[in-house]
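The values are calculated or read from the model by the stated rules, or taken from the named source; none is laboratory data. These numbers were taken from a predicted model, which means no experiment stands behind them. So basically every Cβ, Gly included, is an ideal-geometry build from the backbone, and we count neighbours across all protein chains shown. The protein model used for the area step is the full one, side chains on, heavy atoms only, and it has no ligands, DNA or RNA in it. Shrake-Rupley method; radii C 1.70, N 1.55, O 1.52, S 1.80 Å.
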Amino acid sequence: MNVNVVCPHCFKVNRIPKKEAYAKANCGGCKNSLLQSTPVSVDADKFGTFIANSDIPVVVDFWAPWCGPCLQMAPAFEEAALAMPLQAQFNKVNTDEQQSLGGQYGIQSIPTLIVFKNGRELNRVSGAMDAARLQSWVRQFV
């Protein structure tokens, strides 16, 4: 069985074998590692690419640079992303810069995290979380 994964570097869709863990996985386009799983800041176009083409969960952090809890949670979000390569993809949407996305998804408080899979919203939670709680929340959708 294969899964589609969007490269966080060049945004090409890659079809890779589904495994429990990966020793190596490189993008067919740019050749960068798909295991480098730091969160990707996305605009509306890139957001759409991830949501429409990822078979693994896409976790989106809606945040703003002036938001204290958002800034406090950022290291935990990155830690969770690094701990879950090719299990989930982690994106960040700056709601100040991408107001249309915030409006489209009815974001009323930040940080708000939404998990998408197969193009659909599965769940959302508002408020900061530590890395362990965040990983636990995401794993139920993997």
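Key figures for this structure:
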| read-out | value |
| --- | --- |
| Residue within segment 70-89 that is touching a His at 6+ places or on another chain (Cβ under 8 Å), open to solvent by less than 50 Å² (accessible area, probe 1.4 Å) and in a loop (DSSP other than H, G, I, E, B) present | no |
| Tally, over segment 124-142, of residues that are part of a loop (DSSP other than H, G, I, E, B) and open to solvent by 40 Å² or more (accessible area, probe 1.4 Å) | 4 |
| Segment 45-69, subset among the aromatic types (F, W, Y) and closer than 21 Å to N118 by Cα, residue surrounded by the most Cβ atoms within 10 Å (Cβ to Cβ) | F62 |
| Residue list for segment 31-58, restricted to those being without any contact (Cβ under 8 Å) to a residue 12 or more places away in the chain and either closer than 14 Å to F90 by Cα or small (G, A, S) (or both) | S33, G48 |
| So V42, is it open to solvent by less than 50 Å² (accessible area, probe 1.4 Å) and either closer than 15 Å to Q87 by Cβ or modelled with pLDDT under 95 (or both) | no |
| Sole residue being in contact (Cβ under 8 Å) with a residue 40 or more places away in the chain, among the acidic types (D, E) and farther than 15 Å from V40 by Cβ, chosen from D130, D61, D96 | D130 |
